[in-house]
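Each remark here refers to the structure printed beneath this line.
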Amino acid sequence: MKEINLKEALLINNPFKNKNIFYKTSNSIIREFNEDKYGSIPKLLEDNPEYKLTDIERLEISDSLIHIFYDNKHYKGPAKWLLEKIKITIIDSYLSILKFKDFNSITEFGAGYGSKIITLMESNYDENISSYFAVDISQNGLKACQELAKRIGKKVDIIQHDFNNDLLSDLAISNNTLLLTVYNLHYWKRFSIKEFLKFLDIGITGGIHIEPCSDLLSSLEDKSYKDLVKEYIKKNDYAHNIAKPFIEAQKMGYIHLEIKKEMQGSGFLPASNIIWWKI
């Protein structure tokens, strides 16, 4: 990767040229993911029975260089590098939690075609895990996730769910589950302590979250970049203050919480790494 400055980053990707606000609705999210991103994957798997997760990632993730924010610096690098870095962060976070708590299952909200949850399936670090749940709004993504898991000899239960309209209490997942989200919570209309406590109500007892948190932007050293990130979150109508409910839950004595200082991500949506488990 090549280190660049903010001006060079804007030359790679400038999302601020269009002055319109892009409000996220259920229909727009379905169109973005079910049709645009994942629409062709089920047929691709059907036509290529030998394909595994790495093959799909190779085809779905562009080889073009993107703006990557990592360790308080801007880089021009391949999207695949960022994907692998996020996977490493997930595995490291998972191993960190397992020092303190065991789980019976793993659930991913916003699983897509399963890139992250299948990575955890293949890790086999916890012999206590008996089931996996992939939750997403996209039928095409879930269908692909189930097939890709099958191709490594694993089983995943898929659940179609719209986090902006469906009730969390309707999710049929097992008790004592570890929750994984990667760029999912910012699509919710609202994420507050009320929603977090529902996690506990449905059997979630720990979590790994890689999410853009507007309330953690103080750690960014580049003030101009920080201002643009705030503008980008507002422009796209993403959920604000995602870290706050976790911090409140810790203060209320429900959970042990760790929030990593470093941020990483693509363009103007750097994400923080939040790790927690129920006390």
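Read through the list (1) part of a helix (DSSP H, G or I); (2) open to solvent by less than 20 Å² (accessible area, probe 1.4 Å), then give the number of the only condition that ASP227 fails.
Answer for ASP227: the failing condition is (2).
Could you tell me which numbered condition ALA239 fails, if it satisfies all but one of (1) in a loop (DSSP other than H, G, I, E, B); (2) open to solvent by less than 10 Å² (accessible area, probe 1.4 Å); (3) farther than 18 Å from GLY110 by Cβ; (4) not β-branched (Val, Ile, Thr)?
(3)
Just to confirm my filter: which strands (runs of 3 or more DSSP E) fall fully inside segment 130-220 and include at least 2 residues that are open to solvent by less than 10 Å² (accessible area, probe 1.4 Å)? Break it down into steps so the answer makes sense when it comes.
Details: elements: 131-136, 157-160, 177-182, 204-211.
In segment 130-220, the matching strands (runs of 3 or more DSSP E) lie at 131-136, 177-182, 204-211.
When the residues of segment 242-261 are filtered to those that are open to solvent by 50 Å² or more (accessible area, probe 1.4 Å) and assigned to a helix (DSSP H, G or I), which remaining residue is farthest from PRO212 (Cα to Cα)?
LYS251
Please tell me if ASN236 is polar (S, T, N, Q) and modelled with pLDDT of 95 or more.
On the way: polar (S, T, N, Q): yes; modelled with pLDDT of 95 or more: no.
Against the criterion (polar (S, T, N, Q) and modelled with pLDDT of 95 or more), ASN236 does not qualify.
Out of curiosity, is SER130 without any contact (Cβ under 8 Å) to a residue 60 or more places away in the chain, closer than 29 Å to LYS99 by Cβ and hydroxyl-bearing (Ser, Thr, Tyr)? Break it down into steps so the answer makes sense when it comes.
Working: without any contact (Cβ under 8 Å) to a residue 60 or more places away in the chain: yes; closer than 29 Å to LYS99 by Cβ: yes; hydroxyl-bearing (Ser, Thr, Tyr): yes.
Yes.
What is the residue count in segment 75-95 for residues that are of a type in the set (Ser, Thr, Tyr), open to solvent by less than 30 Å² (accessible area, probe 1.4 Å) and out of contact with any Ser or Thr (no Cβ under 8 Å at 6 or more places or on another chain)? Working first, answer last.
Residues of segment 75-95 of a type in the set (Ser, Thr, Tyr): 75, 89, 93-94.
Next cut, open to solvent by less than 30 Å² (accessible area, probe 1.4 Å) only: 89, 93-94.
Filter once more, keeping what is out of contact with any Ser or Thr (no Cβ under 8 Å at 6 or more places or on another chain): 89, 93.
Result for segment 75-95: 2.
The values are calculated or read from the model by the stated rules, or taken from the named source; none is laboratory data. Predicted, not measured: the structure shown is a model, and the values here were computed from it. A quick note on method: Cβ atoms are made from the backbone with ideal geometry, for glycine too, and the neighbour counts reach across all protein chains shown. Remember, those area values only see protein heavy atoms, side chains included, never the ligands or the DNA or RNA. Shrake-Rupley method; radii C 1.70, N 1.55, O 1.52, S 1.80 Å.
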